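Below is one structure, written out as structure tokens; comments come after it.
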Amino acid sequence: SWRNGMNTSALEIDPRALRVWVEQRMVFVELTDGRCIGFPATRFRLLASASDEQLARVALRLDGAALRWEEIDEDITVRGVVEGRFQLPLPPEQLAA
């Protein structure tokens, strides 16, 4: 029932990732609702300057609510990615489709 407190509804609303992977410096997240979302590493300062090997070493944390790069000490929330909150603008060369 809904009387069990707000935690259950908050968890349902909060986007969660089932898995995360990196291809050609694009970070992809598969969400529990079936969507896949990808963003270029260039949208975050620490990811942009990371090597390909460092970028590939990403893990899910907090039951899929966060992405963690231990080696470069970067944490990004899945909610932030879903809502399109990035540190840096898209580079001009990636705007040309």
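The values are calculated or read from the model by the stated rules, or taken from the named source; none is laboratory data. Computed from a prediction, not measured in an experiment: that's the story for all the values here. We place every Cβ from the backbone using ideal geometry, glycine too, and count neighbours over all the protein chains shown. Ligands, DNA and RNA are stripped out before the accessible areas are found, and what is left, the full protein with its side chains, is counted by its heavy atoms. Shrake-Rupley method; radii C 1.70, N 1.55, O 1.52, S 1.80 Å.
Checking the range 49-64 against the condition returns a match, with at least one residue being among the aliphatic types (A, V, I, L, M), buried (at least 17 other Cβ atoms within 10 Å of the Cβ), assigned to a loop (DSSP other than H, G, I, E, B) and free of Cβ contacts under 8 Å to residues at least 40 places away in the same chain.
Each row is one residue, and each column tells you yes or no for (1) touching a strand residue (DSSP E or B) at 6+ places or on another chain (Cβ under 6 Å); (2) farther than 25 Å from D14 by Cα; (3) of a type outside the set (V, I, T).
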{"position": "I37", "(1), (2), (3)": "yes, no, no"}
{"position": "P40", "(1), (2), (3)": "yes, no, yes"}
{"position": "L47", "(1), (2), (3)": "no, no, yes"}
{"position": "A50", "(1), (2), (3)": "no, yes, yes"}
{"position": "V58", "(1), (2), (3)": "yes, no, no"}
{"position": "R61", "(1), (2), (3)": "yes, no, yes"}
{"position": "E71", "(1), (2), (3)": "no, yes, yes"}
{"position": "P89", "(1), (2), (3)": "no, no, yes"}
{"position": "L95", "(1), (2), (3)": "no, yes, yes"}
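Within the range 1-44, the set of residues being in a helix (DSSP H, G or I) and modelled with pLDDT of 95 or more comprises A41, T42, R43. Selection of the range 65-97 for residues being open to solvent by less than 40 Å² (accessible area, probe 1.4 Å), assigned to a helix (DSSP H, G or I) and in contact (Cβ under 8 Å) with a residue 12 or more places away in the chain yields V78, V81.
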